[in-house]
Amino acid sequence: DDRLAVLLADPGVQPLVLVMLDLDGFKQYNDVHGHPAGDALLQAAGRAISASVREGDLCFRYGGDEFALLLPGADEEIAAQIAERVRQAIAAVDPSGVPGVTASVGLGTLPRDAQTAAALVAATDSALYRAKGSGGDRVETWSRISAVSGGGSDRASGLPPGSGEGLA
């Protein structure tokens, strides 16, 4: 979140896209193949992600089996192409000859989908959970969700509808 705040303070990096991804079926993979295999898969996924982004893009392990990417200067179209490339690269990961996992990917764009770091994280997280809830192994954008639901950001708080943040 600190790097996100720094990027938000620099108008030269906007638009800015946050991509969050979750490895589908990682818990099962870990349970079946063991923690050393799970660790190897996480490392291989990290390498696949790093190899799939542009120079200057930032990649992080967000926790557990989640990763986050910050794509400065990318619009949603470019970000969706990068996210799809990442999703495909993760699906191709095959550490130690054991089939890997797939990834659910969500993305949100600043300033179009959100005006603050908290709102961008909330929008992107909503897109990620839509991707997971739709069967996984897909890329979902906040703009597509909000267009379908007739939503958009809550201009009073700058947060996506239903995020619960910014309410008294």
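Residues of the stretch 69-84 that are in a helix (DSSP H, G or I), surrounded by fewer than 16 Cβ atoms within 10 Å (Cβ to Cβ) and either of a type in the set (D, E, K, R) or in contact with a His (Cβ under 8 Å, 6 or more places away or on another chain) (or both): Glu77, Glu84. The condition (being over 19 Å from Thr102 (Cα atoms), out of contact with any Asp or Glu (no Cβ under 7 Å at 6 or more places or on another chain) and open to solvent by 40 Å² or more (accessible area, probe 1.4 Å)) is satisfied by just one residue among Arg61, Arg54: Arg54.
When every residue of the stretch 105-126 is checked against the conditions, none turns out to be assigned to a strand (DSSP E or B), charged (D, E, K, R) and at pLDDT 95 or above. Of (1) within 15 Å of the chain's Cα centre (by Cα); (2) open to solvent by 20 Å² or more (accessible area, probe 1.4 Å), Ala131 satisfies all except one. Which? That leaves (2) as the condition not met.
The values are calculated or read from the model by the stated rules, or taken from the named source; none is laboratory data. Computed from a predicted model, the values in this text were never measured in an experiment. Because the Cβ atoms are built from the backbone with ideal geometry, glycine has one as well, and the counts that use them run over all protein chains shown. The area values use the complete protein model at the heavy-atom level, side chains included, leaving out ligands, DNA and RNA. Shrake-Rupley method; radii C 1.70, N 1.55, O 1.52, S 1.80 Å.
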